[in-house]
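Taking it in order: structure first as C-alpha cells, then the write-up.
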Amino acid sequence: MGTYNYNDTTLYNLRMLYEQMGYKRFKMSKFEEYDLYLEYKKFLSTENIITFTDLHGKLFALKPDITLSIAKNAKPGEAQKLYYKENVYRASRETKEYKEITQLGLEYIGDIDAYTLGEVVLLAARSLKAVSSNYVLDISHMGFVSALLDTADLSDSRKEKLIGFLGKKDTHELLSSCEHYGVEPETAQRIAMLSEIYGDFESTYPQIRELAVTPAMVDAAEELKALYDFLKASGEGEHINLDFSIVNDMSYYNGVIYRGYVESVPCSVLSGGRYDNLLKKLGKDCQAIGFAVYVDILELYAKYEKEYDVDVLLCYDKGVSPVKISEKATEFTAQGKSVKVLNTVPEGLKYKQLVTITEEGE
Amino acid sequence: MDYLNIALPKGRLGEKVYDMFERIGYGCPAIREKNRSLIFENHENKVRYFWSKPSDVAIYVERGAADIGVVGKDILLEYEPDIYELLDMNIGKCRMCVAAPDIFRDNPEKTLRVATKFVNIARAHYAKKGRDIEICKLNGSIEIAPILGMTDVIVDIVETGTTLKENNLEVIESIIPISARLVANKASTKFKNEQIADIRKRLQEVIEK
C-alpha cells in the first residue's frame, strides 16, 4: 500500500516517456462527423454520443473516442508513432449523465514486428510504473481466443456470448452454454480452462501451450511468449500476468490485447491492444496497436492529503503600500514557500505561518 | 498480508453463505456476537466481513470496497456490474418469472402493463418477444399491483410460489433460473489473487451439487 503516486507531474512524466521514444503529439478537434461512429459503433465502449447539427445542417458528434479518428486518418505505407491527450465525452453507465473524460493514449500505425509490439507494450508497462510501483499488466491474445472458439464451430453471435462469459470468468455459464449449443465436451472443457487460467506468465504459460491445438493457437501462444521474453529482458517481467478474461470485440481486435491495474484503484487504468481489423474495415492496408490511460480514474483515486493549504498567510492592514506587500510576498516565494496574500484571516484555511503587516511594519 | 473484504447479503441467504465460509476456514467469530457492529474482523485469517443490502453487494464489489461478495444472479442480470462471477453457490435458488392473476388472459392487441423491481430484466424479456409493454417500477409487495388492477402481470423472483398462491396469482412464464453467485472485484483479483483463488477452490469443494 501507499505506492500509488499520481500527482500534478504524472501526466507530464507520461508525455515525456512517449516523446523520448519518438512519439509525436497528435492534436485534434473536438468534433467528428456522426456517421463515423454510426458505422463503427461496436468499436466504442459507449453507445451514448452527444450529437449536434453544425451550421450547414450536418450531424456532428463530440468525440467519444480518439483511436477511431486516428485510424481514419492513417496513411498506409507510412509508419506513424503518435500520442494524444484529449477530452472525450461519454455517458456514465451508472448515473446516465454525460462526462468529460481526459484520455491520454498512444498509437502506432504501420508494419508491426516483434520489436514494435514489444516497444508499445513496454511503454504501457512503464506508464503504469510511473503511477505505482505495484502494478499488474494482464495480457491476452484475441487470436488465441478466437482460434479456440473456432474449434467449436459456432455462429458469431454465440461466440460473442461465450466471450462475454469469458470476460466475467463465469466458468459455470460457459459450460452450461456450451452444453446448450451442443459443443463437444472436450472443446467445452478447453474453453472453460481458458477462463480459469490466471497468474504470472511463467507459471501459466505451460497451460496455454497445452491448450493450443491448432496452428493458429500455437502461433498466438508463441507470440505471447516472445513478447514476455522481451518485457522480461527489459525488467518488467514480474508484473506481467496472463489473463484471458480481458476480451475485446473480435471484429476490431485481433492480436495481443492488454489491461493495466495499479494497487488501490478498483478498476483498470489502462487498456489497449492490436486492432488491425479496424483498419481493414476502414479500407486501409496496415496494422495498428495502441493503448489509452484512464486519466479520470487516476485522478479520482489520487490522494491529495496536504496538511496545509498554504505555507504562509500574509495578512495586511488597509493603508499598507502595495509595493511593500509585494516585496514581502516575494521574500517568501523566493524561499520556495507558497504564500497567500489577503487582508483578513479567512476561516477554515490551514497555514503553517501567519505574517501580518501593518503600516508600522510586521 | 492485507485484509480480504467480504460483502454478504443481509438475511437468511447471507447467514447460509457465512456458514459456508466458516466451514472452509474463513470464519470470523465476532460475527456471531449479538451487537450493532456493521464490520467484523478476524486478525488470524485476515478477513473482514460486512453485511449489506443484497442489491448493494454488487456495488460494493464493483467499487472495490469489498474484494469479494455473494449476490443473487437476479441482481447481476438487472445491474450488469463490471465484476467477475467466480462460482455458482447453488443456494438461494429461485426463478425469475412472469406471474398473473388466475383469470388473466393475454390480449396481444393491447400494451401489456408489467409491475416489477427488475426493470431491465423485464424490458429485455419482452423486447426479445417484440411485445409492447408499459413498466411500473415498484420496490416491494409487487403482488398487489395486478390484484388492484394497476398492472396485468408481474415480473418477480419466485421461490416456492406460496405468496403467489395466497394472492391468487400463478406463474405463466419462467424467464431464467436464479441462484447466489460468488463475485469478485476485477482489480482485487489481480492483487489478492492467492486469497481469492483459495476461497474459490475451497468453496467449490463444499458447494452442494
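Structure data summary
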| read-out | value |
| --- | --- |
| Residue ranges of strands (runs of 3 or more DSSP E) in the range A:286-362 with at least 2 members touching an Asp or Glu at 6+ places or on another chain (Cβ under 7 Å), open to solvent by less than 40 Å² (accessible area, probe 1.4 Å) and under 30 Å from A:Asp113 (Cβ atoms) | A:287-294 |
| From A:Asp156, A:Asp170, residue being more than 14 Å from chain B (Cβ to nearest Cβ) and either open to solvent by 60 Å² or more (accessible area, probe 1.4 Å) or closer than 25 Å to B:Val183 by Cβ (or both) | A:Asp156 |
| Residue match in the range A:136-154 (condition: farther than 14 Å from A:Ile191 by Cα, without any contact (Cβ under 8 Å) to a residue 24 or more places away in the chain and not in a loop (DSSP other than H, G, I, E, B)) | no |
| Yes/no for B:Asp88 being under 29 Å from A:Leu174 (Cα atoms), surrounded by 22 or more Cβ atoms within 10 Å (Cβ to Cβ) and not hydrophobic (A, V, I, L, M, F, W, C) | no |
| Number of the exception - B:Val70 against (1) farther than 19 Å from B:Arg200 by Cα; (2) more than 11 Å from chain A (Cβ to nearest Cβ) | (1) |
| Residue in the range A:21-32 that is farther than 19 Å from A:Leu82 by Cα, among the basic types (Lys, Arg) and under 19 Å from the mean Cα position of the chain (by Cα) present | no |
| Residue within the range A:251-271 that is surrounded by fewer than 20 Cβ atoms within 10 Å (Cβ to Cβ), modelled with pLDDT under 85 and closer than 17 Å to A:Lys42 by Cβ present | yes |
| Verdict on B:Ala197 being small (Gly, Ala, Ser), buried (at least 20 other Cβ atoms within 10 Å of the Cβ), on the phi < 0 side of the Ramachandran plot and not in a strand (DSSP E or B) | no |
| Long-range neighbours under 7 Å by Cβ, at least six apart or interchain, first residue assigned to a loop (DSSP other than H, G, I, E, B) within the range A:106-121, second among the β-branched types (Val, Ile, Thr) and open to solvent by less than 10 Å² (accessible area, probe 1.4 Å) | A:Ile112/A:Ile289 |
| Residue satisfying condition, being of a type in the set (Phe, Trp, Tyr), closer than 30 Å to B:Ile6 by Cβ and open to solvent by less than 60 Å² (accessible area, probe 1.4 Å), within set B:Phe104, B:Phe191 | B:Phe191 |
| Meets criteria (polar (S, T, N, Q), within 14 Å of chain B (Cβ to nearest Cβ) and open to solvent by less than 10 Å² (accessible area, probe 1.4 Å)) for A:Ser132 | yes |
| Residue in the range A:182-198 that is open to solvent by 20 Å² or more (accessible area, probe 1.4 Å), assigned to a loop (DSSP other than H, G, I, E, B) and within 11 Å of chain B (Cβ to nearest Cβ) present | no |
| Which listed residue is open to solvent by 40 Å² or more (accessible area, probe 1.4 Å) and either hydroxyl-bearing (Ser, Thr, Tyr) or over 30 Å from A:Pro266 (Cα atoms) (or both), from B:Ile154, B:Ile135, B:Ile142 | B:Ile135 |
| Condition broken by B:Ile24, with the remaining ones in (1) away from chain A (no Cβ under 14 Å); (2) out of contact with any Asp or Glu (no Cβ under 8 Å at 6 or more places or on another chain); (3) under 18 Å from B:Gln195 (Cα atoms) satisfied | (2) |
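The values are calculated or read from the model by the stated rules, or taken from the named source; none is laboratory data. The shown structure was predicted, so the numbers you read here are calculated from the model rather than taken from an experiment. Note that each Cβ is placed from the backbone with ideal geometry, even for glycine, and that neighbours are counted across all protein chains shown. Only protein heavy atoms, including side chains, enter the accessible area calculation; ligands, DNA and RNA are left aside. Shrake-Rupley method; radii C 1.70, N 1.55, O 1.52, S 1.80 Å.
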